[in-house]
Number of protein chains: 2
Amino acid sequence: MTTIRDVAKLSGVSASTVSRVLNKNGYVNQETEQKVKQAIQKLQYEPNAVARGLASKKTGTIALILPNITNPFFPELARAVEDVARSYGYTVLFGNSDDQGDKEKSYIEVLKQRYVDGIIFSSHTLQRDDVVRLRSNKIPFVVLDRAPVGEACSVVRSNNLEGARMAVRHLLDRGSRKIAHIYGPQEILTAKERLRGYEETVKDFGWYTPTLMVPGNFRLDGGMSAAKELMQRHPDVDGIFVGNDLMAVGVLKTLLRMGIKVPEQVAVCGFDGIHLTEAVEPEITTVAQPIYELGALATKLLIQKVNGVDVENKVHELEVTLIPRDSTRKDTSL
Amino acid sequence: MTTIRDVAKLSGVSASTVSRVLNKNGYVNQETEQKVKQAIQKLQYEPNAVARGLASKKTGTIALILPNITNPFFPELARAVEDVARSYGYTVLFGNSDDQGDKEKSYIEVLKQRYVDGIIFSSHTLQRDDVVRLRSNKIPFVVLDRAPVGEACSVVRSNNLEGARMAVRHLLDRGSRKIAHIYGPQEILTAKERLRGYEETVKDFGWYTPTLMVPGNFRLDGGMSAAKELMQRHPDVDGIFVGNDLMAVGVLKTLLRMGIKVPEQVAVCGFDGIHLTEAVEPEITTVAQPIYELGALATKLLIQKVNGVDVENKVHELEVTLIPRDSTRKDTSL
DNA sequence: ATGAAAGCGCTAACAC
DNA sequence: GTGTTAGCGCTTTCAT
């Protein structure tokens, strides 16, 4: 292994000078710099990140904690975070909390031990005591979707409430007259807001009744079983706003399997904007979150914090877009 | 931050003794050990992984390089790797090479600098020079699917050849009489073997012709466009063996969109065994790889290597299972 | 069985 | 501008 001292020796300077050219800080003579750079070239020297981390408490690593890597939304998000992080010279460590608070805690522990520079939490199991611990350890972090109650954090999220309203209005516009909602786990703010948007928009219609709201788990199987339950309960439903795309795919499958035509008998609208919605037949209408932007913004904010910029602890809410597709097409036979 | 010296001071011993109880190596008196443990408890001491890494060259971290995080196969694999790694006390660093050799190389560089203990490559862009570099840096690694030509490595993979044969035979059994194949990128051994299995099995049939083999890219969109091309070229095809599940989902979508009934007119069989095949209608028959086992075995092998066990450089080939579903159901109306 | 000392490879004051 | 010095927090000989 070639070290900074080898470079120093070869270029006839001290290790600190080499360190200076490496980190582009402090004054260093043009010529000296050239000599050092040549030596680095010649020796194929690569600074050791571990040693650097120990000395400087900065490791050039940020972590991204995801709740469930099997929902395609998160890989898409991860890609954005990784892209931006790399462009700033950071490496990303991914962790999967599986929606388990204890797994999340153990990640925080491990990451702290590794001097990770900062963490992005896309996991709704982040607890208040976690936040306190992060703060006392001075580990910068950014939260996607929501912060623990009563904690001021930098939060990045989509306008879920308005998105839900858009979805329901779209279903009304295209002719649906009895619209149900399959919602996600209510511990997740996202799921809660979408449910609220639905309820607000439909509560004054004559057909509305609370049993039109059916719980799901944000996963494929949850969509399938919720759709089944819903259609048994209310066979006359002609539009479903599903809390996320993954469940919407499951809903579509169940409806088709039950012999129900989509969109002729029941229209389906999802939420998230994952590519999977374009891969099924019919393609599913969805309220698309700006997934890449969410990840990119979170990463930029985090890197600013890491660099000591005093980032305001506010909620950054990004707008969503309704993408109309065949699953909510107007029935032109009417 | 509480350090090993704080613990040493509180328990009235030296740092080395604390280190010994921490690492359970070397002799240490029962009583001393208790005192130290109490001090650790009291101070909530957590050893610093960076310092530890610098001193010992071991970081308790392994890395997993994935080619494409948006194919659900890889998150499922990642989960297995993470599970097993955690059970052995290792942390996993995930990297996404996007099938780009240079991104992969830059990962190797970064990981080396971080004293990562070992790497699992699930990326087919691993080059011969990468292997040479890893060897000279003494970084243990395990390869999923295939090693660069001429390099003896520990490889874990499925029996793709036999899997392809099973798929085609299944299509024949259920009544298909003109079977096409949509294959993946031929740089990927997996794709190549599956293609070979197809060709071998069908080449002696009268209906066989090379234009029944259509290239795809292992992604959703590739499946869609390949299916379109195929059906225009050979409208009388009545069975398609698709090189992977993600493309199969795309194929199914395109067929349905073209008004072609599945399985009545065309039967579809995929490969991989991802959950997504159960989330579409009709559910897609697939040759399931033992995804969890693949990841688990690769991880165990790697950890053995990391621990200095002299693991034989051989190919571990796991068996696959055909899961018959509706997309290849026999047409009972005949 | 335990401690002292050296050092992992680098950074960062502080001199000069 | 550049070198010297002193660590970062831990492991690991080598004495004792």
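See the values below:
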| read-out | value |
| --- | --- |
| Residue-normalised accessible area of the protein assembly as shown, expressed per residue, 1.4 Å probe, Å² | 42 |
| Area hidden from solvent between B and A (accessible, protein heavy atoms only, 1.4 Å, total, Å²) | 4400 |
| Gaussian network model of chain A, springs between alpha carbon atoms under 10 Å - residue of A:GLU104, A:GLU319, A:GLU46 with greatest fluctuation | A:GLU46 |
| Peptide B:71-78 - average C-beta neighbours from other chains (10 Å radius) | 3 |
| Size of charge dipole - the protein assembly as shown - debye, nearest 20, with Cβ of Lys, Arg +1 and Asp, Glu -1, no other charges | 2160 |
| Chain B: calculated mean residue ellipticity at 222 nm from DSSP helix runs of at least 4, using -39500 (n - 2.57) | -13500 deg cm²/dmol |
| Cβ-vector label at 7 Å, B:GLU109, separations to other copies in nm | 3.6 |
| Mean Cβ count within 10 Å, highest first, over the residues of peptides A:174-187, A:115-128, B:17-30 | A:115-128, A:174-187, B:17-30 |
| Sites A:ARG128 and A:LYS24 - FRET efficiency at Förster radius 41 Å, r taken between beta-carbons, to 0.05 | 0.55 |
| For B:LYS203, solvent-accessible area (1.4 Å; no DNA, RNA or ligand), Å² | 110 |
| Mean-position separation - Cα centroids, the stretch A:112-189 and the stretch A:42-93, in angstrom | 22 |
| Accessible area, probe 1.4 Å, largest first, for residues A:THR32, A:THR61, B:THR211 | B:THR211, A:THR32, A:THR61 |
| Shielding by partners, peptide A:43-54 (average Cβ within 10 angstrom, other chains) | 5 |
| Sites A:MET1 and B:LYS203, calculated FRET efficiency, Cβ-Cβ separation with R0 51 Å, nearest 0.05 | 0.45 |
| Heavy-atom accessible area order for B:LYS253, A:LYS42, B:LYS58, A:LYS314, largest first, 1.4 Å probe | A:LYS42, B:LYS58, A:LYS314, B:LYS253 |
| Point-to-point label distance, B:LYS37-A:GLN34, nm (Cα→Cβ direction, 7 Å offset) | 6.4 |
| Relative contact order [Cα under 8 Å, 6+ residues apart], chain A, whole percent | 17 |
| Using a Förster distance of 25 Å, the FRET efficiency for B:LEU172-A:HIS275 (Cβ separation, nearest 0.05) | 0.15 |
| Inter-copy separations for B:ALA55, label at 7 Å along Cα-Cβ, nm, ascending | 1.9 |
| Carbon/sulfur fraction of accessible area - the protein assembly as shown, other protein chains in place, 1.4 Å, % | 51 |
| Within 10 Å of each Cβ in A:249-255, the average number of Cβ atoms from other chains | 3 |
| Delta accessible area of at least 10 Å² on complex formation, residues of the stretch A:94-122, 1.4 Å probe, chain isolated as reference | A:PHE94, A:ASN96, A:ASP98, A:LYS103, A:SER106, A:TYR107, A:GLU109, A:VAL110, A:LYS112, A:GLN113, A:ARG114, A:TYR115 |
| Proximal lysines to B:LYS42, defined as alpha-carbon separation beneath 30 angstrom and excluding residues fewer than eight positions away on the same chain | A:LYS57, A:LYS58, A:LYS103, A:LYS105, A:LYS112, A:LYS138, B:LYS9, B:LYS24, B:LYS57, B:LYS58 |
| 7 Å along Cα→Cβ, label-point gaps from A:GLN186 to other copies, nm, shortest first | 5.8 |
| 14 Å beta-carbon shell around A:ASN25, net charge (K/R +1, D/E -1) | +3 |
| Point-charge dipole on Cβ atoms (K/R +1, D/E -1) for the stretch B:21-156, about Cα centre, debye to 20 | 640 |
| Electrostatic dipole magnitude of the stretch A:214-262 [Cβ: Lys, Arg +1; Asp, Glu -1; Cα centre; debye, to 20] | 160 |
| Three principal axis lengths of the stretch B:13-76 [C-alpha, angstrom, descending] | 54, 23, 18 |
| Per-residue SASA entry for A:LEU297, accessible area with 1.4 Å probe, Å² rounded to 10 | 50 |
| Angstrom value of the Kirkwood radius, inverse mean 1/r, which spans all Cα pairs in chain A | 22.2 |
| Nearest-10 value in Å² for the accessible area of A:HIS234, using the 1.4 Å probe | 20 |
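The values are calculated or read from the model by the stated rules, or taken from the named source; none is laboratory data. Small disclaimer: the values here were computed from a predicted structure and weren't measured. As a convention, Cβ positions derive from the backbone with ideal geometry for all residues, glycine included, and neighbour counts pool all protein chains shown. Side chains are part of the model used for accessible areas, which takes the heavy atoms of the whole protein and leaves out ligands, DNA and RNA. Shrake-Rupley method; radii C 1.70, N 1.55, O 1.52, S 1.80 Å.
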